[in-house]
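Novice: Pasting a structure below so you can have a look.
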Amino acid sequence: MRGVELSAALAARFGDKFLGLDPFPGLVGRVRFDPSVARALFEYLRDEQGFVHLTMVGGIDWVDHREVFYTLWSDRDRTYLQLSADLPADHPTIASAVPVWPGANAHEREAWDLVGIRFEGHPDLRRIFMPEGYEFHPLLRSFPIHEPEELEVKARSD
Amino acid sequence: MAPMTLFSVADAIAAALLGLLGRLLPAGAAHAVTAPDVVLGLATVVFAAILLAASMLNTILLIWYERKLLGRFMDRRGAMHVGFAGLLQNFADGLKLFRKDTVRPREADSLGFWASPTAYMITSLLIFGVLPISTGWNDGSLPLTLLLALVIFSFAPLFIFLGAWASNNKYSLIGGMRSAAQMIAYEVPILLAVVAVVVLSGSFDLTTIVNEQRNYWFWAPLFLALIVFVAGMLAEMERIPFDLPEAEAELVEGWNTEYGGMLFAFFMLADYLRALVGSILVVLLFLGGWTWPSYVPSALTSFPLAGIVWFMVKTYLVFGLFVWVRAALPRVRTDQLLRLGWMRMVPLALLSIVLAAVVVAARCLPVLGCIPSIGG
Amino acid sequence: MSAPPQTVPAPAPAAAPAAAGGDAPLPVVDQAAVPFFEIETLRAREFIPAAKEALTSLLKEKAEGNVIRPVFNWAGRNSLFPLHWGLACCAIEFAAAFGARWDAERFGVVPRSSPRQCDLLIVNGTVTWKVAHKLITLYEQMPEPKWAIAMGNCATGGGPFRTAYSVVPGVDKLIPVDVYIAGCPPRPENMLDGVLRLEQLIKERRD
Amino acid sequence: MWINMGPQHPMTHGLWNLRVRVEGEVIRDVEPEMGFLHRGIEKISENRHYNEVITLMDRCCYVAGMSWEQLFIQASEQALKVTPPARAEYLRVLSAELQRIASHLMWYAAFVQDLGLMTPFLYGMRDRDLVLDLFQSYTGARMTYEYMRVGGVRNDAPHGFTDQCRKVLDWLLARFVEYDQLCLGSTIFRKRCDDLGVLKAPEAVAYGVTGPMLRSAGVRRDLRKDRPYSVYDQVEFDVPVTDTADVTGRYLVRMEEMRQSVRICRQCLDWLDRNPGPVLADHLPRWLGAPYAPVGREAYLLKRNYPTGLGFSMVEEPHGEAGAYVVNDGGEHPYRVKFRSPVLINIWAAKRYLPGYRIADIPPIMGSVDVCVGECDR
């Protein structure tokens, strides 16, 4: 019910930058949007739809492209909404949500650290978990996982 | 008969030792060895050795006592397996710390780093020279023992701050600053509370103060002063409601963060020496020292060394109170501590001086003389 | 030197010019040939080193082996202060071992927060590469003699996280470890058993 | 002056570093530094079977293992389209609530230790051990249970468990009174904790703070009520709220939550006594319980009939709201697992609630946040 309303409102507001609202059990739905309207969409959802709380931000590496997803909570409706945007793999950049939800700071640093998604306008986009100067984004599919002995054997044979 | 004092015991031991030595030597040498000056010198050394041994032994026993008591408060058992009931645990700790490497951080100031624990230890030990433990412990030839004890007691913040500064560690520095501020703030109420005792007893000599308590102990008329004194002593000893300088939660180990090995053992021992001094002072000033209430049957008071035994029982009970407080109370904050010291403790202490004066005046007026006068 | 000197020997004639120059060499005394009881015949400058040597040899042979070493060994093994440092899951069981039910203080094990006052580093959890150099620093800040216990599978060999990119597979790659405790996490009594085994190790040490 | 509090510091209760800029003793700025316990759980999960990830969940948050198992299992069941039987749901809720009590007792022990209270620390640990004994009686482990499975739980509670559990709960209720006497009854405690670490409701919501920290600011938000998962809609309980937004408020909220958890546990125990039944779903995808993925033609066949989907689950964990997002692309391993850690966000808001207080206030404030670095760094 809520999903239909929201879908109509988003379509009216953002036109073809709003790519659709998929059903998702237990949630309002899963909004797919074009990353170019990210900032405007965040502000609209917070101010006019009551999604005051950013629950999580994460990234998925689908090899050919990367997906960034947000989960929002509305105190008014007592429900969650998921946002999802596809970013090109060679230039995964999207506007930061920190000006809208200050709590996004740590989430976005984590997404940058692990999946390598760059958030523009983030006040302090550094690595959060891995040490400074680490070269890789470990949650990419191209980052292999090894038994430590394999690595040792490999190092010895090199 | 002159009362037997600790120094006269030491004197006798020294004379006996030298006499023994004199018998082994040729006559001329024996005469030189048993000269009064030499005997006096050796007696001083023996006196110091006895004091040192007694105070250290008591301190180590005190630490054991605290650990067992704390364990019981916390529903556990404390040290158990080293020696009988863990009695040797603290000896093991001490020996281990003695053997351990003592590391001085590269950037630390050498002189301050080494000197401060040593000086802290020495000044803490020095106090025991003037504390009477029983009748005739010292013979009253030193009239200002109370003042002397408190003066030496208040040297500590200097050395703590020196050590903290020399450690070149931020936690140490903050701990040292807290320690200095806290000790200076609580010197004043302690001294004022002591003034109340002095007003009531009319003497700065600890032996006289205890003797004045033969008929009634001072805690009853000077209850306010007792509270101020105990709170102040807790702050001076840096025990738990006021242990901000070594607050484990925020400053890792406080001002002794960088100290390890023997220097740390010095700090630890000196802390407990000061705790012992604090308990002893409470007993001496307010709880009648080695005297006992009149209703105690004489069988309990007439055995040899009864004074010392009673005194130690009281001291350990007072220290048990400190341990209880440690087990039950959280730590206060610096500003709260200082505000408590200056705004609450000082007025209370002043009030207790007034009370003491009223009691003295009442004693002078036979009409109001509900409190039995001293000495008939 | 053919015979033990009964008196101070006169300077050799060859040394006379040097003595005139104010740099007289000391007469050479073959100390091995001097009986101990003739010590007063030596000059005072030689008395002190001779006495020192005699005393130290006495102490080394008799007292150190039979008294000093066992006593300090007893003290060292009975008061192991571990570093108060929680890494991961095992830290919770580490804390539980100091709780009322297990009460590690019975054995004299008291955690201290400053590494300067510790003898024992209990690595209670997963060590990541990010924290590795801090762990080494802490270990080096502890004064000798010191020991280390790898508590739990993570510290022993990486545990369930050994395939992860950020985890050190075994803390013995960073610091020398004396006792390994298995378990994920080890129970508190397991940890205490590890500490007691370390005590046994110290007792059997010969150095 | 910048001070590093951590990674080895008694205040941190784990591996993290709080950089503090102080003037005198007053805090001007803070900078949390995380990642010292980053174990790559999300990456390892991508290379494991669903049931094998549960092992990691226990270690992910080592003081609230059951809650995190429930979190991942719910998301996985949604992704894999599996429904557990009712008895399993009740056992899960019972486990999660017992875990909440154990976790809050652990918090209590750590928090009072930060304040310098030595005795209640040991009392908290002692009573926590009783709850862990209960866990041990039906899972076999004290902390790392590996109890829940996709489609139910591993085994039923043993005979006589419910009676023993009721006894422990009665004992705990009596102990909570003593805890309150030791803390709230102490003037020093009130003086130190009142108006400390204040984080008002609008800021708390903006920063994404959840759990007891948010409820102490007067926001009545509890996922167990607002968005009832599992069988929380069938049990009665209240959501404790205070509006002081300070350390005392968080203390009060957590103590009351423990009492409410006891209430929930009792209802679950009554239900379990009345309704015997299976604890694992009948129709499970065949390889879910298998230690190795099937190979060859069988794998291909299974894969063909295997559902793909997304799973999303939020759980009111003892520390706050934990979330899991599981992407199932039809393989035997999850394609991507993403967790939301409440503690990371609660710590991150320290920039708002720490400055202005003193160094001595850091331990009680951070203690009232209830830090568990395992789930924070994952």
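Novice: Quick check on this structure: which one of B:Leu263, B:Leu305 is away from chain D (no Cβ under 11 Å), over 24 Å from B:Asp205 (Cα atoms) and among the aliphatic types (A, V, I, L, M)?
Specialist: B:Leu263
Novice: Okay, moving on. Mind checking which helices (runs of 4 or more DSSP H) fall wholly inside segment D:272-375 and carry at least 1 residues that are at pLDDT 80 or above and buried (at least 23 other Cβ atoms within 10 Å of the Cβ)?
Specialist: Ranges flagged: D:342-348, D:350-353, D:362-369.
Novice: Could we say that C:Asp193 is surrounded by fewer than 24 Cβ atoms within 10 Å (Cβ to Cβ) and under 27 Å from D:Leu132 (Cβ atoms) here?
Specialist: Spelling it out, C:Asp193 is indeed surrounded by fewer than 24 Cβ atoms within 10 Å (Cβ to Cβ) and under 27 Å from D:Leu132 (Cβ atoms).
Novice: Within segment D:6-19, track down each residue that is more than 15 Å from D:Leu37 (Cβ to Cβ) and either at pLDDT below 85 or of a type in the set (S, T, N, Q) (or both).
Specialist: D:Pro10, D:Met11
Novice: Here's something else I'd like to know. Being in contact (Cβ under 8 Å) with a residue 40 or more places away in the chain, surrounded by 22 or more Cβ atoms within 10 Å (Cβ to Cβ) and within 30 Å of B:Leu263 (Cβ to Cβ) is true for just one of B:Ile209, B:Ile160. Which residue is that?
Specialist: Of the residues listed, the single one that is in contact (Cβ under 8 Å) with a residue 40 or more places away in the chain, surrounded by 22 or more Cβ atoms within 10 Å (Cβ to Cβ) and within 30 Å of B:Leu263 (Cβ to Cβ) is B:Ile160.
Novice: Of the residues that sit in segment D:99-131 and are surrounded by fewer than 22 Cβ atoms within 10 Å (Cβ to Cβ) and assigned to a helix (DSSP H, G or I), which one is farthest from the other protein chains (Cβ to nearest Cβ)?
Specialist: Checked segment D:99-131; the qualifying residue farthest from the other protein chains (Cβ to nearest Cβ) is D:Leu130.
Novice: Which residue pairs have Cβ atoms under 7 Å apart, sit 6 or more places apart or on different chains, and have a first residue in segment D:359-374 that is within 7 Å of another protein chain (Cβ to nearest Cβ) and a second that is modelled with pLDDT of 90 or more and crowded, with 24+ Cβ neighbours inside 10 Å?
Specialist: Between residues of segment D:359-374 that are within 7 Å of another protein chain (Cβ to nearest Cβ) and residues that are modelled with pLDDT of 90 or more and crowded, with 24+ Cβ neighbours inside 10 Å, there is no close pair.
Novice: Is at least one residue of segment D:184-199 within 14 Å of chain A (Cβ to nearest Cβ) and closer than 29 Å to D:Leu344 by Cα?
Specialist: Looking through segment D:184-199, at least one residue is within 14 Å of chain A (Cβ to nearest Cβ) and closer than 29 Å to D:Leu344 by Cα.
Novice: Would you confirm whether any residue within segment C:87-96 is at the interface with another protein chain (Cβ under 7 Å from one of its Cβ atoms), among the β-branched types (Val, Ile, Thr) and in contact (Cβ under 8 Å) with a residue 40 or more places away in the chain?
Specialist: Taking every residue of segment C:87-96 in turn, at least one turns out to be at the interface with another protein chain (Cβ under 7 Å from one of its Cβ atoms), among the β-branched types (Val, Ile, Thr) and in contact (Cβ under 8 Å) with a residue 40 or more places away in the chain.
Novice: I'd like to check something: does segment C:128-151 contain any residue that is of a type in the set (A, V, I, L, M, F, W, C) and over 25 Å from the mean Cα position of the chain (by Cα)?
Specialist: Taking every residue of segment C:128-151 in turn, at least one turns out to be of a type in the set (A, V, I, L, M, F, W, C) and over 25 Å from the mean Cα position of the chain (by Cα).
Novice: Looking at D:Met34, D:Met57, D:Met5, which is the one that is over 23 Å from C:Ser114 (Cβ atoms), more than 10 Å from chain C (Cβ to nearest Cβ) and in contact with a Leu (Cβ under 9 Å, 6 or more places away or on another chain)?
Specialist: The conditions single out D:Met57.
Per-residue answers, yes or no, for (1) in contact with a helix residue (DSSP H, G or I) (Cβ under 6 Å, 6 or more places away or on another chain); (2) crowded, with 22+ Cβ neighbours inside 10 Å:
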position	(1), (2)
B:Ala220	no, no
B:Phe229	yes, yes
B:Met233	yes, yes
B:Phe242	yes, yes
B:Gly254	yes, yes
B:Thr257	yes, yes
B:Met268	no, no
B:Leu276	yes, yes
B:Leu287	yes, no
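Novice: Only one residue in C:Leu201, C:Leu196 is touching a residue at least 12 places away in the same chain (Cβ under 8 Å), more than 10 Å from chain D (Cβ to nearest Cβ) and in contact with a Lys or Arg (Cβ under 9 Å, 6 or more places away or on another chain), so which one is that?
Specialist: Exactly one of C:Leu201, C:Leu196 is touching a residue at least 12 places away in the same chain (Cβ under 8 Å), more than 10 Å from chain D (Cβ to nearest Cβ) and in contact with a Lys or Arg (Cβ under 9 Å, 6 or more places away or on another chain), namely C:Leu201.
Novice: Counting just the residues of segment A:13-37 that are at negative phi and out of contact with any Phe, Trp or Tyr (no Cβ under 9 Å at 6 or more places or on another chain), which one comes out surrounded by the fewest Cβ atoms within 10 Å (Cβ to Cβ)?
Specialist: Here the residue is A:Asp16.
Novice: For segment D:145-192, which residues satisfy the criterion of being hydrophobic (A, V, I, L, M, F, W, C), surrounded by 18 or more Cβ atoms within 10 Å (Cβ to Cβ) and closer than 26 Å to C:Cys89 by Cβ?
Specialist: Listed by number, the residues that qualify are D:Met148, D:Val150, D:Val153, D:Ala157, D:Cys165, D:Val168, D:Leu169, D:Leu172.
Novice: Another question about this same structure. Just need a number here: residues in segment D:41-54 that are facing chain C (nearest Cβ under 8 Å) and either touching a strand residue (DSSP E or B) at 6+ places or on another chain (Cβ under 6 Å) or modelled with pLDDT of 85 or more (or both).
Specialist: Total satisfying the criteria: 3.
The values are calculated or read from the model by the stated rules, or taken from the named source; none is laboratory data. Because the structure is a prediction, the values reported are computed rather than measured. Quick reminder, even Gly has a Cβ in these numbers, built from the backbone with ideal geometry, and neighbours come from all protein chains shown.
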